[in-house]
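> Let me give you the structure first, and then I'll get to my questions.
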Amino acid sequence: MSDDTQPPGELILRAWQLKVGGEAFFEGVARRFPDRAADLELLAAVERCAWALVEPVARSYGLDLDVQAVRIGVLDHIENLGPDLEAILQQSAELGRGCHDLYRQLGETAPGDHRPLADQLNAIEDAAIAFMDAIVVGVSDEQRSALEAITLNH
């Protein structure tokens, strides 16, 4: 493990927090933008699927998984968001792009144990980012189907 890489348990906890927070975030944003709620609720469902992938691994580390604390922090943040859905989605997509380094580190800490999880999380993140970008210009049936497939397969 290099000097800038965190221990696996810390990486797993951060990934879990991001997925729990992502679900709460998209649920909250969906309530603020009811005309786009279906798309935003689909993103929340995708985050929930990723959360379900990470949680058993987090539990195997004996981590303290406080769902309510994460959700409350995110919901407080949503109160401070501006009225521009496009800007909100761009910021969220940027955060998603930043997750790739976290998942890369996770895959490198114990490749035999965590690489498949890291690869799945990266693929889910990529699909969610593409969907966020599409929401701004209009989501095609193909894009919606691709994201719905994630929720069905996990």
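Every read-out reported here was derived from the displayed coordinates using simple, explicitly stated rules and does not represent laboratory data. Source: prediction; values computed, not measured. Cβ atoms come from the backbone with ideal geometry, glycine included; neighbour counts cover every protein chain shown.
> Looking only at segment 122-154, which residues have a backbone nitrogen under 19 Å from a spot 7 Å from the Cα of Leu81 in the C-beta direction?
Within reach of a label on Leu81: 125-139.
> Among His114, Asn80, Phe33, whose Cα sits farthest toward the positive end of the charge dipole of segment 8-153 (+1 at Cβ of Lys/Arg, -1 at Cβ of Asp/Glu, about the Cα centre)?
The residue sitting most towards the positive pole is His114.
> Now for a different question. Roughly how many nanometres apart are two label points built 7 Å out from the Cα toward the Cβ at Ser145 and Ala37?
Rounded to a tenth, the inter-label distance reads 2.7 nm.
> If you compute Rg and Dmax of the Cα atoms in Å for the structure shown, which of [x] 15.3, 47; [y] 19.0, 59; [z] 15.8, 54 do you land on?
[x]
> On to the next question. Using a/c under 1.5 as the rounded threshold, could you call segment 103-154 rounded, prolate or oblate? The axes a ≥ b ≥ c are square roots of the C-alpha gyration tensor eigenvalues, and prolate needs a/b larger than b/c, oblate otherwise. Please report the intermediate quantities before stating the final value.
On the way: a/c = 5.69, a/b = 2.23, b/c = 2.56.
It is oblate, given that a/c is not under 1.5 and a/b is not larger than b/c.
> Label point 7 Å out from Val137 along Cα-to-Cβ: which residues of segment 25-51 have amide N under 20 Å?
It comes to 36, 39-40, 43, nothing else.
> Sorted by packing (mean other beta-carbon atoms within 10 Å per residue), highest first, where do 13-19, 102-108, 139-145 land? Walk me through the numbers before you get to the answer.
Numbers: 13-19: 22.1, 102-108: 20.4, 139-145: 12.1.
Most protected by this proxy first, the peptides run 13-19, 102-108, 139-145.
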